[in-house]
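Take a look at the structure below.
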Amino acid sequence: PVALTSESPLHPRRKSRRIMVGPVPVGGGAPISVQSMTNTLTADVPATLQQIAELTAAGCDIVRVAVPSQDDADALPEIVRKSPIPVIADIHFQSKYVFQAIDAGCAAVRVNPGNIRKFDQVGPDICKAATDAGISLRIGVNAGSLDKELYAKYGGPTPEALVASALKEARMFEDVGFHDFKISVKHHDVITMVETYRLLASKGDWPLHLGVTEAGPAWQGTIKSCLAFGALLAEGIGDTIRVSLSAPPVEEVKVGCKLLEYMGLRPRKFDIISCPSCGRAQVDVIQLASAVTEGLKDVTAPIRVAVMGCIVNGPGEAREADLGVASGNGKGQIFIKGKVIKTVPEDQIVDTLLTIANDIAAQMEADGQVP
Ligand code: SF4
């Protein structure tokens, strides 16, 4: 289920119109949804459904599946029927799969008009089919597949070129009375991407799907996505996000959910505060912080646990934490809200922290603090 938070503490959200992706609202002040895309063969229905289940468990709100072949299109009805979250069909080149995806009950279809053959002719039919089925569309403009004429006119996939492409497609939809679509204008370069979305956001009230395309492996891709989404979300721009990583899709969802949590746009779950350690550290903070994070990674209560390397500065610096440890002389001082409650031997620190953290989390749940 989509989280309840919808307003940004940093900036009022841009006023966009609302569309529905199945039961998930996108735009119009709705909570920002997290999307991902399966990387199984879509035609392999069990594998695709298994991956969708993993993505859902990690917090994914909407899933996209690629439909490059007839076998994939034929698999859509069963995937849609059995998926716990709305399914978007991602279609390039072949408009016939768009109609099949709509018939299959997909919650939305992503089209890249720049590469759909004869889009000028089939566009109105796609809009009519989507209207009749009550589903939404996404215009997905990508730097790598920009319309050739626009590429030549602007000398490359510049923000102006990407936005011109999006506006051209948007007008085509709107000219036939179709308004239930969102837009993405993805680029792999953070600065170009941010400038492109800013420009697009100034041109109309379409809901915007944020993405840095081909962002790279997990480490680089996470940084690029957090920078780009962070900059835009801090300005109130963005209605749904997809982190693209050359990594298992579940990692995309984890990054997307955490990013929204840290932006104050999703209720926060477990968070760790740990010091970087320094010459004063009397314990292996890195190892301790990893063990605590691993032990509490599935906790949904908004608990903050601190792991500090020394007793001189630890408890004071981590006063904001619900619970924490400061280590010294082979022992760990366990503190709650900055007050030491007990001291345990070093080899009992992790178990003690996990036990108390789970107790606090259970209490938070009982008190209704877990959305
Ligand atoms: Fe260094 Fe202690 Fe601060 Fe950690 S808490 S960074 S060990 S002074």
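The values are calculated or read from the model by the stated rules, or taken from the named source; none is laboratory data. In this text, all values refer to a predicted model and were calculated from it rather than measured experimentally. Reconstructed Cβ throughout: ideal geometry from the backbone, glycine too, with neighbour counts over all protein chains shown. When the accessible area is computed, the model is the full protein with side chains, heavy atoms only, and any ligands, DNA or RNA have been set aside. Shrake-Rupley method; radii C 1.70, N 1.55, O 1.52, S 1.80 Å.
Most simply put, the stretch 232-364 has about 60% antiparallel DSSP beta bridges, counting only bridges with both residues inside it.
Largest GNM mean-square fluctuation across 221, 22, 155, computed for the chain with C-alpha springs under 10 Å, falls on 155. Taking all protein chains together, 322, 44 sort by accessible area into 44, 322, largest first [probe 1.4 Å]. Where both partners of a DSSP beta bridge lie in the chain, what percent of those bridges are antiparallel, to the nearest 5? Percent antiparallel among DSSP bridges in the chain is about 25.
Roughly speaking, to the nearest percent, how much of the stretch 99-183's 1.4 Å accessible area is carbon and sulfur? Here carbon and sulfur together make up 48 percent of the probe-accessible area.
Per residue, the chain reaches -13000 deg cm²/dmol at 222 nm when only DSSP H runs of four or more residues are counted, each adding -39500 (n - 2.57).
State, to one decimal in nm², a quarter of the convex hull surface area for the C-alpha atoms of the chain, i.e. the direction-averaged projected area. Write out the running numbers ahead of the final one.
Working: hull surface 78.8 nm².
Seen from a random direction, the Cα hull of the chain projects 19.7 nm² on average.
Of all beta bridges that DSSP places with both ends in the stretch 14-125, some 20 percent have antiparallel geometry.
Rounded to the nearest 20 debye, the dipole magnitude of the stretch 175-305 is 340 debye, with +1 charges on Lys and Arg beta carbons, -1 on Asp and Glu beta carbons, and the Cα centre as origin. Using bins of 10 Å that start at zero, the share of Cα-Cα pairs per bin across the stretch 314-371 amounts to 24, 49, 22, 4, 0, in whole %. Rounded to the nearest 20 debye, the dipole size of the chain about its Cα centre is 800 debye, using +1 on the Cβ of Lys and Arg and -1 on the Cβ of Asp and Glu. Placing +1 on the Cβ of every Lys and Arg and -1 on the Cβ of every Asp and Glu, with no other charges, gives the stretch 26-135 a dipole of roughly 220 debye about its Cα centre.
Of the listed residues 296, 41, the order by accessible area with a 1.4 Å probe, largest first, is 41, 296.
Which net charge results for the neighbourhood of residue 31, defined as the other residues with beta-carbon distances under 11 angstrom from its beta-carbon, given Lys and Arg at +1 and Asp and Glu at -1?
Working: positive: 13, 266; negative: 7, 61, 239.
Spelling it out: positives minus negatives among the neighbours equals -1.
Extension gain for residue 11 to residue 132 (0.36 nm times residue separation, less C-alpha to C-alpha distance): 39.9 nm. Within the stretch 145-286, the percentage of alpha carbon pairs spaced more than 23 angstrom apart rounds to 45%. Annotation: residue 7 carries an accessible surface of approximately 100 Å², with a 1.4 Å probe and no ligand, DNA or RNA atoms counted. On full extension, the segment bounded by residue 125 and residue 278 gains 48.7 nm, given 0.36 nm per residue less the C-alpha separation.
A crude spin-label estimate for the pair residue 69 and residue 57, with each label 7 Å from Cα along the Cβ direction, gives 2.9 nm. Radius of gyration (Cα atoms) of the stretch 289-329, expressed as a multiple of 2.2 N^0.38 Å: 1.20. The largest accessible area among 262, 151 belongs to the first residue in 262, 151, and the rest follow in falling order (1.4 Å probe, all chains). Over the C-alpha atoms of the stretch 68-136, the Rg to Rh ratio, Rh being the Kirkwood estimate, stands at 0.95.
What whole-number value in Å² describes the accessible area per residue of the chain for a 1.4 Å probe?
44
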